[in-house]
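Quick notes on the structure that follows.
Rule-based calculations on the coordinates, nothing more; no lab input. Computed from a predicted model, the values in this text were never measured in an experiment. Every residue, glycine as well, gets a Cβ built from its backbone with ideal geometry; the counts of neighbours run over all protein chains shown.
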């Protein structure tokens, strides 16, 4: 009985030793594979966030400024740069007619000022066209006070006549007159043209007022000193209404933008 018990105990001890010396599954087993990844797909690119205008330099700044004769004018400034583009609207209109072009001009790396002429929009005073050059002079003064080193004047219709009258200012780098009439009470002449030494551009359409503005282009070409350029578009659109004429719109816009690029 004793010998049998000893044999059983020895057998059990051998099994226990064998179990202790067998490598664990964790030491030799192949790692559990992860799930097969799905085929990669392009990650959608989120749209760029809309830039938040800085509180110190807003995208569009509302301003008021005062003319030499005490009229308060309402304006908008956009963009930045040492060259300013000043846009002057037509009679019986307002600065909003330039808003779309102002945004395009701003992208050329210039500051842009639009404003309501006296007696128009949110500006004070009465609608006296003979005093529009005072409004342009005040706009030039505002730009200079804000650090402008030079400016380009662009005016439509009576606004064009006003920029011709104001174009001799020393800081002016270019003058663009679009459908600018020479009529009372704001009549420009050869002397006004000859006083402008900066580059000049006169724009008109072929059929506007039965060809009257084509005659003005010829007068401009005769009396304006170099550098100068003129362009006559087909149709009868007048002033900033050229922006609405689909047949000439893009060419007209590019003409104005190229003038800015060249002379800013």
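Brief remarks follow.
- Förster radius 25 Å - calculated FRET efficiency between residue 62 and residue 170, Cβ distance, rounded to 0.05: 0.35
- Label-to-label distance, residue 190 versus residue 236, with points set 7 angstrom from Cα along the beta-carbon direction: 3.2 nm.
- Taking a point 7 Å out from the Cα of residue 100 in the direction of its Cβ, the residues of segment 238-264 whose backbone N falls within less than 13 Å of it are 240-254.
- Segment 121-264: proportion of alpha-carbon pairs further apart than 20 angstrom, %: 45
- In terms of packing, defined here as the mean over residues of other Cβ atoms within 10 angstrom, the peptides 192-205, 65-78 line up highest first as 192-205, 65-78.
- Ordering 80-86, 233-239, 243-249 by mean Cβ neighbour count within 10 Å, with the highest value first, yields 80-86, 233-239, 243-249.
- Shape of segment 82-151, Cα gyration tensor, a/c cut at 1.5: oblate
- Between residue 146 and residue 69, the distance separating the two model label sites (each 7 Å from Cα on the Cα→Cβ line) works out to 2.5 nm.
- Sorting the segments 137-145, 101-109 by their residues' average number of neighbouring beta-carbon atoms within 10 angstrom, most packed first, yields 137-145, 101-109.
- Prolate/oblate/rounded label for segment 60-182 (Cα gyration tensor, a/c 1.5): rounded
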